[in-house]
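Taken together, the values in this text are just the output of simple stated rules run on the coordinates, not laboratory data. Because the structure is a prediction, the values reported are computed rather than measured. We place every Cβ from the backbone using ideal geometry, glycine too, and count neighbours over all the protein chains shown.
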Ligand SMILES: [Zn+2]
């Protein structure tokens, strides 16, 4: 199932693409043989027959009476900055229209971070915001850190159109009279200004993680670093904090869009 409800808020997974990447063992060199056994059991489809990691590239749509928020914007069209390594073009615009969502319906775009597989559809190839009525929420540390080609392809057009909202930290995006809240929280480490989105309904919580965890091996062994984390120690701390929540996790790259770090209602494991 690709949708979860948190009270009156729905969170829907949108697949932009799926494809092979590097050998999994080279991406997570600190994982033990036992970690790989557990990871393979948690997400068997991530292990390609040729030794390569097979992954989804996914965004999430968060909808309620308070508005329509897109979390992340995929690998993008042909020619987008992810072209050198990801299977562009992605299918995100078609996935939105299949749900009956027009580009103009989206009022908020949260970019968890500015790696090229998370912001490809943020703008059009001609340099306009792809979502004409949206504000684009980025952590200010991410904007300060990013370099070309993403800085020119994504940040410059958003700034020129005056739709870039740089946040300094935890920020409430929307709330409903019935109590549900959608909040962006800083989860640095994978990149300096990485952020995640918490959909909180009081009793239930869904966290759209971004790349705090990128593979099932980091679900079964949260201390395992990914080679492309900018600050592995900080990334590990952010991952431990998210996995300690009694929440369902909405992840961009695991085969199943929604996973749990532990059974609902059980206490957090000690790291
Ligand atoms: Zn990613």
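Values of log10 I(q)/I(0) for the stretch 1-152 across q = 0.17 Å⁻¹ run -1.05, by the Debye formula with one identical scatterer at each alpha carbon and no solvent. Between the alpha-carbon centres of the stretch 84-115 and the stretch 1-62 there is a gap of 18 Å. Run a plain Debye calculation on the stretch 3-260 (Cα atoms as equal point scatterers, no solvent) and give log10 I(q)/I(0) at q = 0.09, 0.10, 0.14 Å⁻¹, rounded to two decimals, same order as the q list. Ignoring solvent entirely, the Cα scatterers give -0.35, -0.44, -0.91.
Volume per residue for the stretch 108-198 equals 94 cubic angstrom (convex hull of Cα atoms). Helical runs assigned H by DSSP (4 residues or longer) give the chain a calculated mean residue ellipticity at 222 nm of -4500 deg cm²/dmol, each run adding -39500 (n - 2.57) before division by the residue total.
Taking label positions 7 Å along the Cα-Cβ direction at both residue 260 and residue 124, the computed distance is 4.5 nm, reported to one decimal.
Relative contact order for the stretch 136-271: what percent, with Cα pairs under 8 Å and sequence separation of 6 or more? Let's see the in-between values first.
Values: 234 pairs, mean separation 24.6, N = 136.
Here the relative contact order equals 18 percent.
What does the extension gain come out to for residue 3 and residue 85, with contour length at 0.36 nm per residue minus their alpha carbon separation?
26.7 nm
Fully extending the segment from residue 185 to residue 65, taken as 0.36 nm per residue of separation minus the present Cα-Cα distance, adds 41.0 nm.
When only C-alpha pairs under 8 Å and at least 6 residues apart count, what is the relative contact order of the chain, in percent? Walk me through the numbers on the way to the answer.
On the way: 615 pairs, mean separation 50.1, N = 271.
For the chain, the relative contact order is 19 percent.
Extending 7 Å from Cα along the Cβ direction at residue 245 and again at residue 175 yields two label points whose distance is 1.7 nm. Sorting 98-108, 116-126 by their mean Cβ neighbour count within 10 Å, with the most densely packed peptide first, gives 116-126, 98-108.
Report the FRET efficiency, 1/(1 + (r/R0)^6), for residue 140 and residue 228, where r is their Cβ-Cβ distance and R0 is 22 Å, rounded to 0.05. Don't skip to the answer; put the middle values down first.
Values: r = 22 Å, r/R0 = 0.99.
Rounded to the nearest 0.05, the efficiency is 0.50.
For an R0 of 30 angstrom, estimate the FRET efficiency from the Cβ-Cβ distance between residue 160 and residue 99 and round to the nearest 0.05. Please report the intermediate quantities before stating the final value.
Working: r = 29 Å, r/R0 = 0.98.
Here the calculated transfer efficiency is 0.55.
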